[in-house]
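One structure below.
The values are calculated or read from the model by the stated rules, or taken from the named source; none is laboratory data. On a predicted model such as this, the values are computed, not experimentally measured, just so you know. Every residue, glycine as well, gets a Cβ built from its backbone with ideal geometry; the counts of neighbours run over all protein chains shown.
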Amino acid sequence: MEKFSGLEEKVAAIRAKIEEAAAGMDSTKAVYEGMKRFMDPKKGVISEMMKEMRSIPAEQRAEYGKRVNALKAWAQERFDELGSQVKERELACRYEQEKVDITLPAERTHAGKLHPITQVREQLIDIFASMGFTIYEGSEIETDYYNFTALNTPQDHPARDMQDTFYLSPEFLLRTQTSSGQIHVMENDRPPIKILSPGKVFRSDDDATHSPMFTQMEGLVVDKHIALSDLQGMLDIFVQKIYGEGTRTRLRPSFFPFTEPSVEVDCSCFSCGGKGCRLCKGTGWIEILGAGIVNRKVLENCGIDPDEYSGLAFGIGIERTAMLKYGIGNIKLLFESDLEVLDQIDD
Ligand code: PHE
């Protein structure tokens with residue numbers, strides 16, 4: 001045992017050094033480095049002690065080895081313990097830093113969505129596309145001929161006063177109605193024709209329900225034996241899909257130069273069901289669009305024989321449809337891009 005005289009002290013000194021070092025170990029990295037310093041299999045302090053075994057007399061080696069192994073086991077346990085303590089502290093610290101206060105009011109995020117005009121426009125397109133209509137998009141700048149003359153509204157026709165026009169020159173103007181597209185389609189295509197023409201139109205008109213720029217959706221069907229009943233059948237489907245199942249339509253005589261007969265189409269009030277309310281001004285009916293049987297003169301202007309073919313046409317105001325559908329009182333709300341307002345308008 002003589003040879004071991006210094007061993008107890010040495011072991012105690014190493015334990016003390018480990019404890020001393022442990023006090024400053026404030027991170028997983030520090031614990032790892034400390035462990036390496038004492039326990040590295042090649043250069044660690046304890047490994048060095050193992051190496052010294054060679055100089056120990058053979059009969060004492062077993063005892064020496066046992067003591068050093070005991071120290072090694074103790075040190076391993078101590079570092080494991082230190083490691084898990086530091087890890088726990090680090091985790092607690094991270095939790096503290098990344099803590100989320102779930103009682104705070106949530107930040108409102110704005111999910112993008114389509115503008116009500118686009119929504120209605122797409123709904124209308126879906127409805128009429130399901131009946132076989134295809135899209136024709138005309139141009140916003142038109143000639144006087146396509147916007148008026150070919151639509152049976154010559155220069156001196158009083159019906160021109162119905163639509164205050166923005167003229168760009170004596171010949172060119174901003175189209176006042178998508179009906180101008182009818183002429184382009186009938187000039188270029190032969191019946192059967194079934195087109196839908198959505199787009200912007202312009203009129204010098206400005207109040208709560210009128211805007212100088214608004215959107216229309218024109219419908220045109222030309223074929224053999226087209227009658228008003230075809231028009232009403234299609235519009236019945238349209239109002240039921242847009243305003244609800246029980247909605248009905250009613251045709252009232254009206255006047256447009258390019259249709260004969262012309263009608264104003266009403267639908268039964270979807271707010272009161274026809275009993276009479278504020279929306280329908282007590283009548284039970286709401287005016288929704290203008291339509292009619294294509295005037296023979298218009299067919300002739302486009303080289304289509306009116307004795308062989310007949311047509312129907314209708315023009316829907318998209319803003320008006322949106323205003324009715326969503327209960328909007330002022331058309332300007334649709335153009336002001338106020339997200340607070342637009343957010344409330346949805347299906
Ligand atoms: N173009 C007409 C208007 O703007 C609407 C309409 C279209 C009427 C088609 C009849 C046929 O008022």
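Kindly evaluate Thr215 against the criterion of being under 23 Å from Glu122 (Cα atoms), modelled with pLDDT of 95 or more and in a loop (DSSP other than H, G, I, E, B).
no
Taking the stated definitions as given, is Glu287 under 37 Å from the mean Cα position of the chain (by Cα) and over 21 Å from Gly199 (Cβ atoms)?
yes
Looking at Lys281, Lys332, Lys325, Lys275, can you tell me which residue is under 31 Å from the mean Cα position of the chain (by Cα), within 18 Å of Thr247 (Cα to Cα), surrounded by fewer than 20 Cβ atoms within 10 Å (Cβ to Cβ) and among the basic types (Lys, Arg)?
Lys325
List the pairs whose first member sits in the stretch 7-30 and is within 16 Å of Lys72 (Cα to Cα), whose second member is loosely packed, with under 12 Cβ neighbours inside 10 Å and not aromatic (Phe, Trp, Tyr), and whose Cβ atoms are under 6 Å apart, counting only residues at least 6 apart or on separate chains?
From the stretch 7-30, no pairs qualify.
Kindly establish whether Glu122 is among the acidic types (Asp, Glu), over 30 Å from Gly233 (Cβ atoms) and modelled with pLDDT of 95 or more.
no
Suppose we filter the stretch 150-194 for residues that are modelled with pLDDT of 95 or more, under 22 Å from Thr215 (Cα atoms) and part of a helix (DSSP H, G or I); how many remain?
Number of matching residues: 9.
With (1) crowded, with 20+ Cβ neighbours inside 10 Å; (2) over 30 Å from Thr149 (Cα atoms) as the list, and Gly244 as the residue in question, which single condition is left unmet?
(1)
Which pairs have Cβ atoms under 6 Å, sit 6 or more apart or on different chains, and link a residue in the stretch 206-222 that is within 11 Å of the ligand (Cβ to nearest atom) to one that is of a type in the set (Phe, Trp, Tyr) and in a strand (DSSP E or B)?
Gly219/Phe314
Hand me the list of helices (runs of 4 or more DSSP H) wholly inside the stretch 237-347 holding 1 or more residues that are of a type in the set (Ser, Thr, Tyr).
Ranges flagged: 318-326.
Every residue in the stretch 38-67 that is free of Cβ contacts under 8 Å to residues at least 24 places away in the same chain and within 30 Å of Asp26 (Cβ to Cβ), please.
Once the filter is applied, which keeps residues that are free of Cβ contacts under 8 Å to residues at least 24 places away in the same chain and within 30 Å of Asp26 (Cβ to Cβ), the stretch 38-67 yields Asp40, Pro41, Lys42, Lys43, Gly44, Ser47, Glu48, Met50.
Could you please find all residues in the stretch 132-165 being hydrophobic (A, V, I, L, M, F, W, C) and within 15 Å of the ligand (Cβ to nearest atom)?
Phe133, Phe148, Ala150, Leu151, Ala159, Met162
Is the stretch 182-194 home to any residue that is within 17 Å of Ile293 (Cα to Cα), out of contact with any strand residue (DSSP E or B) (no Cβ under 7 Å at 6 or more places or on another chain) and either in the same structural domain as Asn295 (by TED's automatic domain parsing) or surrounded by 14 or more Cβ atoms within 10 Å (Cβ to Cβ) (or both)?
yes
Read through the list (1) free of Cβ contacts under 8 Å to residues at least 60 places away in the same chain; (2) within 16 Å of the ligand (Cβ to nearest atom), then give the number of the only condition that Thr178 fails.
Of the numbered conditions (1) free of Cβ contacts under 8 Å to residues at least 60 places away in the same chain; (2) within 16 Å of the ligand (Cβ to nearest atom), the odd one out for Thr178 is (1).
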